[in-house]
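The structure appears right after this line, and notes come after that.
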Amino acid sequence: MRRILALLFISVFLVECSTVPITGRKRLNFVSDAQILPMSFQQYDGFLKENKSKIITNTSQAKELKTIGKNIAAAVDRFMRANGMQAEANSYKWEFNLINDPTINAWCMPGGKVVFYTGIMPICANTDGVAAVMGHEVAHAFAKHGQERMSSAQIQQLGGVAVAIGTQNNKNAQLWNMAYGVGSSLGMLKFSRTHETEADKLGLVFMIMAGYRGEEAVNVWVRMSENAQKSGRKAPPEFLSTHPHNQTRIVDLRNYLPEATRLAAKFNQQTAAPRK
């Protein structure tokens, strides 16, 4: 048992650790882009095929969504190339689609595959609101949150094996499973909230880099909160939620706005094309 646990912990500390640009957070990631991106692109294509009749293409809303996506993707690409991340920049296959679905949601898969549902468009409300949500979703891909979550899931599986081998009787098994189950479950929720908060900050920087009004990111979550109140949805306690509470996000975004504005302006100034 000790040998198995030792190997488990050694494997955790030997995996690749890197730093998320801009936020400076240390991340644990041993899933390469070469591993995850082909799967991501395949799943995205499968989703589009399954929802072919729901894809909206020729409306002004769909066209604006693609334009905003391309603008923010261009800002992210510019940032990556200016900071020695050419390989990452070359690996992205940006795509933006609007799906006719009342669900209030949007997502971005590793490698830049984005989907917005029509249900979230009233929450976005305007061009800058769409940019705020787009920046957030693109930030998940930029920060490699998908790769990091997959790495964490693999570590959990290793921990599960160690628990199964290490429990020799029902009493010990119950104690181990309780400690491992509760610890890992809440740990994953905390992990997810960390990603959401980081995506909020990165997305705010990216939308401002692309020329959109960062103040609207705050307003998006104000509208999200108002929508939740009108619908009567009750949020679980924050420590049991995979996302920060709306009010937490509003405060955090408002507080980070000056720093995001400073970072975006500094980067845009440094990478501006020289005048001829």
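The set of residues in segment 26-56 that are open to solvent by less than 70 Å² (accessible area, probe 1.4 Å) and closer than 15 Å to Met121 by Cβ comprises Ile55, Ile56. Put simply, of Gly69, Gly111 the only residue that is open to solvent by less than 10 Å² (accessible area, probe 1.4 Å), closer than 30 Å to Ser32 by Cβ and in contact with a Ser or Thr (Cβ under 9 Å, 6 or more places away or on another chain) is Gly111.
A Cβ distance below 8 Å, combined with a sequence gap of six or more or placement on separate chains, defines the contacts here; from segment 32-44, residues that are assigned to a helix (DSSP H, G or I) reach residues that are among the acidic types (Asp, Glu) in the pairs Asp33/Glu88; Tyr44/Glu95.
Only one entry of Val222, Val218 meets the criterion of being over 26 Å from Lys70 (Cβ atoms), surrounded by 14 or more Cβ atoms within 10 Å (Cβ to Cβ) and either at pLDDT 95 or above or touching a Gly at 6+ places or on another chain (Cβ under 7 Å) (or both), and that entry is Val222. Could you tell me whether Ala264 is touching a helix residue (DSSP H, G or I) at 6+ places or on another chain (Cβ under 8 Å), at pLDDT below 90 and either farther than 20 Å from Trp107 by Cβ or open to solvent by 60 Å² or more (accessible area, probe 1.4 Å) (or both)? Criteria not met by Ala264. In segment 102-109, is there at least one residue being touching a residue at least 40 places away in the same chain (Cβ under 8 Å) and not aliphatic (A, V, I, L, M)? Checking segment 102-109: not a single residue is touching a residue at least 40 places away in the same chain (Cβ under 8 Å) and not aliphatic (A, V, I, L, M).
The values are calculated or read from the model by the stated rules, or taken from the named source; none is laboratory data. The structure presented is a predicted model; accordingly, all values stated were derived computationally and were not measured. Here Cβ is always computed from backbone atoms with ideal geometry, including for glycine, and neighbour counts include all displayed protein chains. Just so you know, the surface numbers come from the protein's heavy atoms only, side chains and all, with ligands and any DNA or RNA stripped out. Shrake-Rupley method; radii C 1.70, N 1.55, O 1.52, S 1.80 Å.
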